[in-house]
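See below for the structure under consideration.
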């Protein structure tokens with residue numbers, strides 16, 4: 001059963017709202033996936049902060065008008081799922097990771113910053129560490145000099161204690 005005009009307008013408005021807040025969008029063909037697999041994809045994507053939506057291509061084209069993802073309009077054809085996220089790498093990572101285990105999901109196109117992404121760029125984007133991982137690495141890098149300084153300061157009294165213990169042992173042996 002098709003959607004009426006009001007439902008179509010609501011879908012376009014919803015997708016347009018998500019697209020205006022998103023940094024990246026990936027389009028994938030889901031033909032051959034079961035309902036359970038699609039549910040797994042949506043669940044995994046939602047946990048990663050990615051919105052996955054199956055929308056008619058004409059409605060997606062209307063929703064992308066005036067957004068950075070308008071360049072995707074020429075690539076919309078067939079049964080497609082849209083994945084959009086505020087974290088540029090999250091959408092690519094979610095679909096790429098799912099596609100490894102499910103060959104039926106085929107990533108067709110992607111866009112970021114108004115530019116169409118090639119397949120190689122989508123894979124490279126998927127392999128980037130997440131924002132949280134990068135922040136963790138940054139915190140570790142910033143903490144390393146302080147930790148080394150404290151360790152060096154602790155070595156001075158430790159060395160003194162070891163020298164005194166060696167002198168004590170030497171005197172007891174003599």
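The values are calculated or read from the model by the stated rules, or taken from the named source; none is laboratory data. In this text the structure is predicted, and so the values were computed from the model without any measurement. Here the Cβ is made from the backbone with ideal geometry for all residues, glycine too, and neighbour counts use every protein chain on show.
Couple of notes before you dig in:
- Counted residues, the range 1-25 - those being in contact with a strand residue (DSSP E or B) (Cβ under 7 Å, 6 or more places away or on another chain) and exposed (fewer than 12 other Cβ atoms within 10 Å of the Cβ): 0
- Counted residues, the range 26-68 - those being loosely packed, with under 14 Cβ neighbours inside 10 Å, in contact with a strand residue (DSSP E or B) (Cβ under 8 Å, 6 or more places away or on another chain) and in a helix (DSSP H, G or I): 1
- Residue within the range 24-44 that is farther than 20 Å from residue 101 by Cβ and in contact with a helix residue (DSSP H, G or I) (Cβ under 6 Å, 6 or more places away or on another chain) present: yes
Listed here are the residues, each with its yes/no results for (1) within 17 Å of residue 123 (Cα to Cα); (2) surrounded by fewer than 22 Cβ atoms within 10 Å (Cβ to Cβ); (3) not assigned by TED's automatic domain parsing to the domain that holds residue 35.
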residue: 70; (1), (2), (3): no, yes, no
residue: 82; (1), (2), (3): yes, no, no
residue: 86; (1), (2), (3): no, yes, no
residue: 90; (1), (2), (3): yes, no, no
residue: 93; (1), (2), (3): yes, no, no
residue: 99; (1), (2), (3): yes, yes, no
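- Matching residues, the range 130-141, being free of Cβ contacts under 8 Å to residues at least 12 places away in the same chain and surrounded by 10 or more Cβ atoms within 10 Å (Cβ to Cβ): 133, 134, 135, 136, 137, 138, 139, 140
- Any hit, the range 129-146, residues being under 20 Å from residue 42 (Cα atoms) and outside any strand (DSSP E or B): yes
- Taken as a whole, the range 155-162 holds at least one residue that is part of a helix (DSSP H, G or I) and modelled with pLDDT of 85 or more.
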